[in-house]
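Engineer: If you scroll down you'll find the structure; I have some questions about it.
The values are calculated or read from the model by the stated rules, or taken from the named source; none is laboratory data. All values derive from a computational prediction rather than experimental measurement. Please note: Cβ atoms are built from the backbone with ideal geometry, for glycine as well, and neighbour counts cover all protein chains shown.
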Amino acid sequence: MLQTKDLTVRFGGHVAVNAVSCTFQPGTLTAIVGPNGAGKTTYFNLISGQIRASSGDAFLNGNSLAGLSPSARTRAGLGRAFQLTNLFPNLSVLENVRLAVQAARAGKHLRGLNLWSIWSDHKALTQLAEEVLEAVSMAGKRHTTVASLPHGDQRKLEVALLMALEPDVFMFDEPTAGMSADEAPVILNLIRKLKNDKRKTILLVEHKMDVVRELADRIIVLHNGSLVADGEPSEVIASPVVQEAYLGVNPKDALAQADAPPHPGLPPQGGRSETP
Ligand SMILES: Nc1ncnc2c1ncn2[C@@H]1O[C@H](COP(=O)(O)OP(=O)(O)OP(=O)(O)O)[C@@H](O)[C@H]1O
Ligand SMILES: [Mg+2]
């Protein structure tokens, strides 16, 4: 169980995350939504230890995470998608996943330094790495160097590495952003599969409301750093606070908004980019 209590961070005078208290249970996928700049990524950064809280704390299975480095939090079971800066750009995709698998198992499977165990561990780790790559449809790119992967593949690799760590808590921050229409379903399928494992706690920051509607067991809404709604998806989506906070419209205008193009700034569906 993951919990935050009054988790807060200030950047100068700006309170980016404001006293957020929330409990995330295993077997539940919680979608975290809110407008750009609401504090969603910063909330993840606080939980994973990338940035230090100004006040408040996060707890994993009742244990305070305060003072733990990001890697100590990873070892404790928190899984945040790797940033590519954590990878070895000149090594192959397979080598990178194998290192992640190895890191995840360090301590669990250490059997002493003899050549036989090194060889058999290496084989087992390669096998696991291959399975993880298969799961994200990247087996064909196993020998490609990470630096030369296109953006969509880099994002898929981030998810592959997260899977390899086998964390208790999965934190996905817009996992399909920048992916093509045929890449995104690969990741969404993986998240669907993860949901079947009732020991796992899943947090998903996602702007696409159709994805949220399908996957979320619960939605929390952040707005200006504060938690403004929390509950069952259909209720939260219908609530005036979400219509206003998330869609940025008055509740009474929400119906009109539903008829507008889904993404302001993009052409209407059908591909027309200019009005006659
Ligand atoms: N390291 C930082 N230093 C100063 N301000 C920051 C820092 N990180 C985030 N912020 C600010 O905190 C606020 C929350 O940003 P955050 O990236 O968490 O929003 P978000 O909800 O993830 O938005 P988006 O949907 O666009 O990804 C923003 O005003 C942002 O400019
Ligand atoms: Mg963000």
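Engineer: Take the range 41-59 and flag every residue that is away from ligand 2 (no atom under 16 Å from the Cβ) and surrounded by fewer than 18 Cβ atoms within 10 Å (Cβ to Cβ).
Structural biologist: We begin by selecting, within the range 41-59, every residue away from ligand 2 (no atom under 16 Å from the Cβ); these are 49, 52-59.
If the condition is that a residue be away from ligand 2 (no atom under 16 Å from the Cβ) and surrounded by fewer than 18 Cβ atoms within 10 Å (Cβ to Cβ), then Arg52, Ser54, Ser55, Asp57, Phe59 are the ones that fit.
Engineer: Please specify each residue of the range 8-26 satisfying the condition of being away from ligand 2 (no atom under 16 Å from the Cβ) and under 24 Å from Ser71 (Cα atoms).
Structural biologist: Thr8, Arg10, Ser21, Cys22, Thr23, Phe24, Gln25, Pro26
For every residue, the table says whether it meets (1) within 20 Å of Ala81 (Cβ to Cβ); (2) small (Gly, Ala, Ser); (3) outside the structural domain of Arg192 (by TED's automatic domain parsing).
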position: Glu130; (1), (2), (3): no, no, yes
position: Ala135; (1), (2), (3): yes, yes, yes
position: His151; (1), (2), (3): yes, no, yes
position: Arg155; (1), (2), (3): yes, no, yes
position: Leu161; (1), (2), (3): yes, no, yes
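Engineer: Check whether at least one residue in the range 196-210 is under 26 Å from Ala38 (Cα atoms), among the hydroxyl-bearing types (Ser, Thr, Tyr), buried (at least 20 other Cβ atoms within 10 Å of the Cβ) and at pLDDT 90 or above, and report yes or no.
Structural biologist: yes
Engineer: Could you tell me which of the residues Glu206, Glu183, Glu214, Glu158 is farther than 30 Å from Asn18 by Cβ and charged (D, E, K, R)? If you could, list the steps in order and put the result at the bottom.
Structural biologist: Details: Glu206 fails: farther than 30 Å from Asn18 by Cβ; Glu214 fails: farther than 30 Å from Asn18 by Cβ; Glu158 fails: farther than 30 Å from Asn18 by Cβ.
Result of the check over Glu206, Glu183, Glu214, Glu158: Glu183.
Let's see how each residue does on (1) at pLDDT 85 or above; (2) in contact with a strand residue (DSSP E or B) (Cβ under 8 Å, 6 or more places away or on another chain):
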position: Leu84; (1), (2): no, no
position: Leu94; (1), (2): yes, no
position: Ala100; (1), (2): no, no
position: Arg111; (1), (2): no, no
position: Ile118; (1), (2): no, no
position: Ala135; (1), (2): yes, no
position: Pro150; (1), (2): yes, no
position: Val169; (1), (2): yes, yes
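Engineer: Would you mention how many residues in the range 177-195 are at pLDDT 90 or above and within 16 Å of ligand 2 (Cβ to nearest atom)?
Structural biologist: 0
Engineer: Further question: Please identify the pairs in which a residue from the range 33-55 that is closer than 19 Å to Leu162 by Cβ and in contact (Cβ under 8 Å) with a residue 60 or more places away in the chain has its Cβ atom under 9 Å from the Cβ atom of a residue that is in a loop (DSSP other than H, G, I, E, B) and within 11 Å of ligand 1 (Cβ to nearest atom), counting only partners at least 6 apart or on another chain.
Structural biologist: Here the result reads Lys40/Gly34; Lys40/Glu174; Thr41/Glu174; Tyr43/Gly225; Phe44/Gln50, each pair linking the range 33-55 to a residue that is in a loop (DSSP other than H, G, I, E, B) and within 11 Å of ligand 1 (Cβ to nearest atom).
Engineer: Would you mind listing the strands (runs of 3 or more DSSP E) fully within the range 185-239 where at least 2 residues are in contact with a Lys or Arg (Cβ under 7 Å, 6 or more places away or on another chain)? Write out each step before concluding.
Structural biologist: Working: elements: 201-205, 218-223, 226-231.
Fully inside the range 185-239 and qualifying: 201-205.
Engineer: Evaluate the following for Gly27: is it more than 16 Å from ligand 1 (Cβ to nearest atom), part of a loop (DSSP other than H, G, I, E, B) and free of Cβ contacts under 8 Å to residues at least 24 places away in the same chain?
Structural biologist: no
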